[in-house]
Amino acid sequence: MKRITLCLMIIIYNTCYAQKIIKVVDQYVLIDTDKNIGKVNDIITVQRKDINQHIIDIGKIQIIKFSKGMTAAKIIFEYGNHKIKNGDYLMQYFLNIPDDKSTINSADNQGVVKNTKIFNAGKLKFEDICSSRNVEYCRNVGKNAYNNSKNPKLLRNIKLGKIVGVTWKKRGSVILIEDAIPKYNIAEERYFAPKDAYYYIIDYGGGEYFLREVDEIYAR
């Protein structure tokens, strides 16, 4: 019955806009496009703006099907008392489309809200999104970061430093630059984000900042 319902949703709502939920039936949603979303089984955060125009996380969905220019997904989690509903957007919508208070001024050409805190890390600059977006990971700012169980066994539970912010990096973005050491014929080396993800900005002392993907860290 649910499969039939999904098929009917895709046939009836055959329009195309921009990463917006246009129908919710039981634990399933229909998204108005199949462009720049991801692939089947990807898990995506759903967001909306609250009455103060802050972007908040509502829940998470998992892509299950693409058809006729749209996407069907299953609701797998909703935060607190929030319920995913028509008109909510995928996280990519807010990240890729700057709001009225934004300017384009970052290493990744993302929208940067004025007065956003910037952390300098050598040749890189990390933008703390917690001043403009109410995402779940911002609650850990001020806590210490430790390697969790996703790290190699010998590295687990090691304290890395204090979490000072949260940033978003697209796949392929530069997240670390190791300077060249000409004396030893060591060239500059760059490391890139393996996927679209949130990262903690961590201060490991003396104002030295680096990034770690939030899924690799526990905070306390």
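Laboratory data are not the source of any read-out in this text; all were calculated from the coordinates shown. Model, not experiment: these values are computed from the prediction. So basically every Cβ, Gly included, is an ideal-geometry build from the backbone, and we count neighbours across all protein chains shown.
Note that segment 43-54 has calculated 3J(HN,Hα) couplings of 9, 10, 7, 9, 9, 8, 8, 7, 5, 9, 6, 8 Hz, one per residue in order, obtained from phi through the Karplus relation 6.51 cos²θ - 1.76 cosθ + 1.60 (θ = phi - 60°); glycine and proline are x. Straight-line cross-link partners of Lys65 among the aspartates and glutamates, defined as a Cα under 18 Å from its Cα and at least 8 positions apart when in the same chain: Asp26, Asp32, Asp34, Asp42.
Spacing of the modelled spin labels on Asp50 and Asn120, each 7 Å from Cα toward Cβ, amounts to 3.4 nm.
Over all other residues within a Cβ to Cβ distance under 9 Å of Lys143, the charged ones net out to +3, with Lys and Arg as +1 and Asp and Glu as -1. Going 7 Å from the Cα of Ser131 along its beta-carbon direction, which residues of segment 167-201 have the amide nitrogen within less than 18 Å of the resulting point? Correct set: 167-169, 199-201.
Residues whose amide H lies under 5 Å from that of Asp196, counting only those 5 or more places away or on a different chain, are Arg171; hydrogens are built 1.01 Å from N in the peptide plane. Between Leu176 and Tyr191, residue separation times 0.36 nm minus the direct Cα-Cα distance comes to 4.9 nm. Segment 51-75 and segment 165-205 have Cα centres spaced 29 Å apart. For Ile64, the residues whose modelled amide H falls within less than 5 Å of its own, excluding neighbours fewer than 5 places apart on the same chain, are Asn41, Ala72, Ala73, Lys74.
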